[in-house]
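Worksheet: the structure to be examined is printed underneath.
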Amino acid sequence: MKKEISDFLQKNRVGVLTTLLSDGSPHSSALHYSYRIDPLEFYFSVDKTSRKCQELLNKKEGKAAVVIGFSEVDWLTLQMEGLIQILTNRDEISGAKGIHYTKHPNSKKFENDPNTIFLRFKPTWLRYSNLFVVPPEIILLENP
């Protein structure tokens with residue numbers, strides 16, 4: 001992974017996750033994210049009764065998009081498309097919890113809530129943009 005991208009992910013804490021509802025319409029939510037670099041995966045701790053999860057409860061995985069970076073001062077953004085799923089494997093859930101609660105210790109208060117689940121997003125396309133420099137720095141990655 002390019003150092004610019006890993007530094008950017010480490011610095012930020014919130015992104016927008018867009019999932020598809022059962023009628024095919026998009027649903028976006030601002031969420032805390034955590035991640036693993038190798039392989040690149042993102043984790044979200046969510047309430048399973050939320051709209052973003054409803055279609056995922058009915059199938060194994062779905063399409064999703066994530067955007068990180070909202071500053072008019074930094075002019076850095078990371079846009080991704082990929083696949084999302086609810087983690088069901090006990091070991092994968094444990095690993096996601098360790099990563100997520102390290103980055104967001106306040107989220108641990110929801111750990112024992114029966115509605116708390118973890119989503120895993122695996123990007124299949126990624127665009128990192130630094131629009132603060134001239135010319136703009138653009139990094140495009142397929143299957144990062």
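The values are calculated or read from the model by the stated rules, or taken from the named source; none is laboratory data. Everything quoted here is computed from the prediction, not taken from an experiment. Methodologically, a virtual Cβ is constructed for each residue, glycine included, from the backbone with ideal geometry; neighbour enumeration extends over all protein chains shown. Remember, those area values only see protein heavy atoms, side chains included, never the ligands or the DNA or RNA. Shrake-Rupley method; radii C 1.70, N 1.55, O 1.52, S 1.80 Å.
Yes/no per residue for (1) modelled with pLDDT under 95; (2) under 28 Å from Phe132 (Cα atoms):
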{"residue": "Leu9", "(1), (2)": "no, yes"}
{"residue": "Gly15", "(1), (2)": "no, yes"}
{"residue": "Ser50", "(1), (2)": "yes, no"}
{"residue": "Lys59", "(1), (2)": "yes, no"}
{"residue": "Val73", "(1), (2)": "yes, yes"}
{"residue": "Gln79", "(1), (2)": "no, yes"}
{"residue": "Leu87", "(1), (2)": "no, no"}
{"residue": "Asp91", "(1), (2)": "no, no"}
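How many residues does the range 14-48 hold that are touching a Pro at 6+ places or on another chain (Cβ under 9 Å) and over 16 Å from Pro144 (Cα atoms)? Please lay out each step first, then the result.
Taking the range 14-48 and keeping what is touching a Pro at 6+ places or on another chain (Cβ under 9 Å), we get 18-20, 39-42, 48.
Remaining after also requiring over 16 Å from Pro144 (Cα atoms): 18-20, 48.
Count: 4.
Taking the criterion of being touching a Phe, Trp or Tyr at 6+ places or on another chain (Cβ under 7 Å), hydrophobic (A, V, I, L, M, F, W, C) and surrounded by 14 or more Cβ atoms within 10 Å (Cβ to Cβ), the residues of the range 70-90 that qualify are Leu76, Leu78, Met80, Ile84, Leu87. Take Arg120 and tell me if it is within 15 Å of the chain's Cα centre (by Cα) and either of a type in the set (Gly, Ala, Ser) or open to solvent by 40 Å² or more (accessible area, probe 1.4 Å) (or both). Answer is no for this residue.
Within the range 118-144, residues that are part of a loop (DSSP other than H, G, I, E, B) have Cβ atoms under 7 Å from residues that are among the small types (Gly, Ala, Ser) and open to solvent by less than 70 Å² (accessible area, probe 1.4 Å) in these pairs: Pro136/Ser129, counting only partners at least 6 apart in sequence or on another chain.
Of everything in the range 44-69 that's in contact with a Gly (Cβ under 9 Å, 6 or more places away or on another chain) and not β-branched (Val, Ile, Thr), which residue is surrounded by the fewest Cβ atoms within 10 Å (Cβ to Cβ)? Walk me through how you get there before you give the answer.
Just the residues of the range 44-69 that are in contact with a Gly (Cβ under 9 Å, 6 or more places away or on another chain), to begin with: 44, 55-56, 63-69.
Pick out the ones that are also not β-branched (Val, Ile, Thr) and you get 44, 55-56, 63-65, 69.
Values: Phe44: 24, Glu55: 18, Leu56: 20, Lys63: 14, Ala64: 25, Ala65: 19, Gly69: 20.
Ranking the candidates gives Lys63 first.
Only a single item in (1) closer than 29 Å to Val133 by Cβ; (2) open to solvent by less than 70 Å² (accessible area, probe 1.4 Å); (3) among the aliphatic types (A, V, I, L, M) is not met by Met1, and it is number (2). State whether the residues of the range 96-113 include one that is in contact with a helix residue (DSSP H, G or I) (Cβ under 8 Å, 6 or more places away or on another chain), in a strand (DSSP E or B), surrounded by 12 or more Cβ atoms within 10 Å (Cβ to Cβ) and modelled with pLDDT of 95 or more. No, every residue in the range 96-113 fails to be in contact with a helix residue (DSSP H, G or I) (Cβ under 8 Å, 6 or more places away or on another chain), in a strand (DSSP E or B), surrounded by 12 or more Cβ atoms within 10 Å (Cβ to Cβ) and modelled with pLDDT of 95 or more.
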